[in-house]
Amino acid sequence: MTARSPLPYLKRALLAVLFLGAMTGGAAAVDDQAILAKKPPRQLSAFGFFADAARQVPATGVLPFAPRTPLFTDFAEKRRFVYLPDGQSAAYDAREAFAFPVGSALIKTFAYAAADRPGGLRLVETRVLLRQEQGWEAWAYVWNEAQSEAELKIAGAKLPMEIPLPGGAVEAITYAVPNKAQCKGCHELSGEIVPIGPKARNLNHVFDYAEGPQNQLARWAAAGILSGLPDRGDIPAVPDWLDEAAPLDARARAWLDINCAHCHRAEGPASNSGLFLTWDEQDPVALGIGKRPVAAGRGAGHLKVDIEPGDPGASILVYRVESNEPGVMMPELGRTLTEPRAVALLRAWVASME
């Protein structure tokens, strides 16, 4: 009896390895020099962040992640990834974004569901935060129609498009890609650009990795990209704002923390408002309860206080989140539409106050 050639088995084994690579991060290598370069590359592909960019499959060493409650951007779906140089780790912080080493990158793609596109997504833009020697740099890249490449847009862009809404409707909007200065408008903290999402409270939940579900912080620590992680019971956590089983106050505070608190905090661009909406803020007046605005202008409408307990209709905070009028709406960047579920949540939260 003659022995069978091992070639078919080797071919199947190779295909299995390639498939696993596509699920967990492909063989492409990230270009560390592109991250550190003073002048960003014109094309997103130069970084090497993706093994299959159209399907948002990350390259080896690039890890997907997601906050429990995400920032609202006109109902866009987002794919987030983190990259750290080999052998480096971010330092755990209980309150602020982790301290990332030089050469790190945070990548966020904005997309909408589209059955006729690779991976079922229409990619719109990918924003990158690059940790360089002098600090973080932020850049936006806009995807072409073929979904084969994204081009640098320093001055931003206005993109007329139709987007799907929750419930199946479609709406025409002008999608706004931020310019360089606008990136700093949201990411500024004490005069420096910093990340917003990768904080302990946002990542302390289970993420469905290709290899199976796992707590993100535990996964980061196991991968060697996060140091100083304390015992699980000592780590803060926000709820999913859409989880009606979670306490109403926690859901509302989680939404305000991720959507508003990067500006509305003592160290942020909106510090002069006196309205501080961070997750751990304890002062009722700083949260807006019974607080008169510093400058009662057009944005306040005819209303007198930021939050009128028991009366969402008399509360400036609800009024501005509900509006989509430039100069009135909050957040003022990153959206043209109103998220009705968030408005309903904040209305219920204010109505529950005594």
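The calculated FRET efficiency for Gln214 paired with Ala295, based on their beta-carbon distance and R0 = 41 Å, is about 0.30.
With the cut-off at 19 Å, report for the range 22-178 the share of all Cα pairs above it, as a whole percent. For the range 22-178, the share of Cα pairs beyond 19 Å comes to 55 percent.
With the convex hull of the Cα atoms taken as the outline of the range 154-301, the averaged projected area works out to 13.2 nm². How far, in degrees from 0 to 90, does helix 248-259 lean away from the longest principal axis of the Cα atoms of the chain, to the nearest 10? So the inclination is approximately 70 degrees. In terms of overall dimensions, the range 57-108 has a Cα radius of gyration and Dmax of 12.5, 37 angstrom.
Determine, at each q value in 0.14, 0.17, 0.19 (inverse angstroms), the log₁₀ of I(q)/I(0) that the Debye formula gives when each Cα of the range 217-354 is one equal point scatterer. Debye intensities relative to I(0), on a log10 scale: -0.68, -0.93, -1.12. Would you mind telling me which residue in Pro178, Pro64, Pro309 has the biggest mean-square fluctuation in a Gaussian network model of the chain, where springs connect alpha carbons within a distance under 10 angstrom? Ranking Pro178, Pro64, Pro309 by mean-square fluctuation puts Pro309 first.
Based on alpha-carbon centroids, what's the gap between the range 116-158 and the range 252-318 in Å, whole number please? Centre-to-centre distance over Cα atoms comes out at 32 Å. The rule of thumb for compact globular proteins, 2.2 N^0.38 Å, goes into the C-alpha radius of gyration of the range 197-271 1.26 times.
Entry note, the range 56-183: relative contact order of 16 percent, from Cα contacts under 8 Å with a spacing of 6+ residues.
Here the chain is described by how far its Cα atoms reach on the three principal axes: 90, 47, 43 Å, from widest to narrowest. Could you give me the percent of Cα pairs per 10 Å distance bin for the range 226-270, shortest bin first, beginning at zero and ending with the bin that holds the maximum distance? Bin by bin from 0 Å, the calculated values are 25, 33, 37, 4. Taking the Cα centre of the chain as origin and assigning +1 to Lys and Arg Cβ atoms and -1 to Asp and Glu Cβ atoms, the resulting dipole is close to 780 debye. Taking every alpha-carbon pair under 8 Å whose residues sit at least 6 apart, the range 204-278 reaches a relative contact order of 17 percent. Average projected area of the Cα convex hull of the range 97-167, in nm²? The directionally averaged projection comes out at 6.8 nm².
Output the relative contact order of the chain, whole-number percent, from Cα pairs under 8 angstrom with separation of 6+ residues. So the answer I get is 13 percent.
Ordering Leu71, Ala99, Thr60 by the projection of their Cα atoms onto the charge dipole of the chain, which places +1 on the Cβ of Lys and Arg and -1 on the Cβ of Asp and Glu, puts Thr60 at the extreme positive end. Cross-link pairs exceeding 22 Å in C-alpha to C-alpha distance, out of Lys38/Lys199; Lys38/Lys158; Lys153/Lys199; Lys38/Lys180; Lys38/Lys78, comprise Lys38/Lys199; Lys38/Lys158; Lys153/Lys199; Lys38/Lys78.
Taken per residue, the accessible surface of the chain reaches 48 Å², heavy atoms only and a 1.4 Å probe.
For the peptides 126-136, 328-338, 222-232, the ranking by mean Cβ contacts within 10 Å, running from highest to lowest, is 126-136, 328-338, 222-232. Projected label points at Val285 and Ser190, each 7 Å from Cα along the beta carbon direction, are separated by 2.5 nanometres.
Element breakdown for the chain at a 1.4 angstrom probe: carbon and sulfur atoms account for 55% of the accessible area.
The values are calculated or read from the model by the stated rules, or taken from the named source; none is laboratory data. Worth saying up front: this structure is predicted, and the values here are computed from it rather than measured. All Cβ positions, glycine included, derive from the backbone under ideal geometry; neighbour counts span all protein chains shown. Surface areas here come from the heavy atoms of the whole protein model, side chains and all, with no ligands, DNA or RNA. Shrake-Rupley method; radii C 1.70, N 1.55, O 1.52, S 1.80 Å.
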